[in-house]
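Asks: Right, I'll just put the structure down here and ask away after.
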Amino acid sequence: MMNPSLAMTLALALVLVANLLTKLWLSGRQTRHVAQHRAQVPAAFAHTITLEAHQKAADYTLAKSRVNLIDLALDAVTLLGWTLLGGLDALNQLTLGWMAPGMAQQIVLVLSFTLVGGLIGLPLSLYQTFGIEQRFGFNNTTPKLWVSDLAKGLLVGLVLGLPILWLVLWLMQAGGSLWWLYAWGALVVYQLFVMWIAPNVIMPLFNKFTPLEDASLKERVTALMTRAGFTAKGFFVMDGSRRSAHSNAFFTGFGAAKRVVFFDTLLAQLNGDEMEAVLAHELGHFKHRHILKMMVTSFAVSLAGLALLGWLSQQIWFYTGLGVMPNLTGGNDALALLLFMLVLPLFTFFVSPLSARRSRKFEFEADAYAAANSNGQALGSALLKLYQDNASTLTPDPWYVAFYYSHPPASQRLARINA
């Protein structure tokens with residue numbers, strides 16, 4: 001019978017290789033498919049999309065694909081470095097050399113791990129913003145604003161993250177065999193709390209929100225929401241153009257406190273009929289309870305994950321098989337938590353087509369609702385403008401779509417709307 005620790009090591013190696021090969025295969029398919037269709041606009045868009053815009057979208061997609069290959073390699077090397085090559089074990093021993101075992105040491109271990117991981121990914125993040133996005137005319141972020149966002153993000157992460165981290169680690173230590181159930185309840189409450197405070201506390205730290213001043217548009221969207229039986233606390237414009245030329249619209253908040261938020265870039269590109277149709281699409285998500293369904297699914301998955309972690313954290317082979325020697329004195333809760341967070345995405349990647357397919361189904365349902373409650377032709381033209389504005393390729397590879405696309409390709413969405 002194989003040693004459990006060795007079996008864990010082999011499982012990690014096999015899943016990592018399978019994960020990497022699958023992602024490389026998907027990336028290769030996407031690159032070839034987009035490149036092969038670069039020279040000609042698809043027939044369905046021949047009269048609405050210029051060849052120049054089509055080729056820009058193709059080049060943007062190909063550029064991001066090349067960066068994605070670097071990201072894949074970096075992720076694989078980093079994972080191996082933390083686990084089988086002993087990085088996490090070394091960091092744990094280093095923090096134990098600074099301080100005695102206990103809650104403080106475990107929190108410092110998690111913070112140190114997060115800091116190192118952030119530094120590893122920093123150069124690629126900088127290149128994506130000031131390289132790729134800049135080259136294709138999407139980046140409006142200045143170095144000063146980028147640093148400011150980074151500092152604010154760290155501060156918000158510490159203020160909101162430290163209390164819940166301490167609570168979860170404390171429950172792992174003092175909660176007994178059902179700690180994972182109590183931790184799940186705490187995390188659900190925490191996520192709902194963050195969603196509640198986000199519109200008025202967190203989001204204004206990064207963006208400016210001003211009341212919608214366009215009286216005609218405000219009247220249109222108010223009438224639409226009244227017809228649909230929805231209420232909102234207000235309509236706001238977000239200064240998304242400070243950072244990017246990309247555009248969007250979204251709801252935020254709960255119940256009657258819901259806010260409708262439009263990117264300023266969106267208002268500059270769409271006419272009144274198109275704005276109304278985009279809002280109707282967002283209303284469709286609420287009408288079909290998509291947000292609630294996704295939250296319930298997320299909570300159920302997190303419950304199952306924490307239950308699994310509750311069992312794995314008690315298995316010595318879980319630590320040793322992933323290159324970590326558990327502490328003989330003091331707790332191993334932080335180690336278990338970090339190892340679980342490192343390896344879980346490798347396994348969940350292979351079921352990602354299921355969640356992506358469900359998300360695309362939700363988008364089709366929201367489109368159908370919008371077409372029935374606003375101008376369907378305006379919805380189609382708005383989507384076309386958004387695809388063009390965001391340089392989304394019109395010719396993605398079907399397999400790549402199946403794994404990664406949360407929204408259907410333009411051709412599928414427009415065909416459904418027209419039908």
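Any read-out appearing in this document is the output of simple, stated calculations on the displayed coordinates, not a laboratory observation. What you are looking at is a predicted structure, and each value in this text was computed from that prediction instead of being measured. Every residue, glycine as well, gets a Cβ built from its backbone with ideal geometry; the counts of neighbours run over all protein chains shown.
Asks: Hey, what's the Cα Rg ratio for the stretch 82-124 versus the globular rule of thumb, 2.2 N^0.38 Å? Each step should come with its number before you reach the end.
Replies: Working: Rg = 11.2 Å, N = 43, 2.2 N^0.38 = 9.2 Å.
That works out to 1.22 for the stretch 82-124.
Asks: From the Cα gyration tensor of the stretch 205-324, with a ≥ b ≥ c the square roots of its eigenvalues, which class applies: rounded if a/c is under 1.5, or else prolate if a/b is larger than b/c, or else oblate?
Replies: Prolate.
Asks: For helix 4-36, what angle does its Cα long axis make with the longest principal axis of the chain, in degrees from 0 to 90 and rounded to 10?
Replies: Between the helix axis and the principal axis of the chain, the angle is about 20 degrees.
Asks: Once the Cα gyration tensor of the chain is found, what semi-axes does its equivalent ellipsoid get, as square roots of 5 times the eigenvalues, in whole Å, sorted largest first?
Replies: Values for the chain, descending: 41, 27, 21 Å.
Asks: Sort out for me the Cα centre separation of the stretch 360-419 from the stretch 66-101, rounded to whole Å.
Replies: Value for the Cα centre distance between the two parts: 40 Å.
Asks: Next question, about the same structure. Calculate, for Val194 and Ser411, the FRET efficiency according to 1/(1 + (r/R0)^6) with r their C-beta to C-beta distance and R0 60 Å; round to the nearest 0.05.
Replies: That gives a FRET efficiency of 0.95.
Asks: Also, I was wondering about something else. Would you mind checking the tilt of helix 272-287 against the longest principal axis of the Cα atoms of the chain, expressed as 0 to 90 degrees and rounded to 10?
Replies: 40 degrees
Asks: Put one equal scatterer on each alpha carbon of the stretch 1-144, apply the Debye formula with no solvent term, and list log10 I(q)/I(0) at q = 0.13, 0.14, 0.18, 0.22 1/Å to two decimals.
Replies: -0.83, -0.90, -1.13, -1.29
Asks: Report the per residue volume, in Å³, of the convex hull enclosing the C-alpha atoms of the stretch 92-241.
Replies: Expressed per residue, the convex hull around the Cα atoms of the stretch 92-241 is 174 Å³.
Asks: Another question about this same structure. Which residue, Ala280, Ala35, Ala300, tops the fluctuation ranking in a GNM of the chain built on C-alpha contacts under 10 Å?
Replies: Ala300
Asks: Arranged from highest to lowest average of other beta-carbon atoms within 10 Å per residue, in what order do the peptides 405-412, 122-129 appear? Write down the numbers at each step before the final one.
Replies: On the way: 405-412: 18.0, 122-129: 13.8.
Per-residue Cβ counts within 10 Å, averaged per peptide and sorted highest first, yield 405-412, 122-129.
Asks: Shifting gears a bit: Nearest 10 degrees is fine. How inclined is helix 87-98 to the longest principal axis of the chain, computing both from alpha carbons?
Replies: 60 degrees
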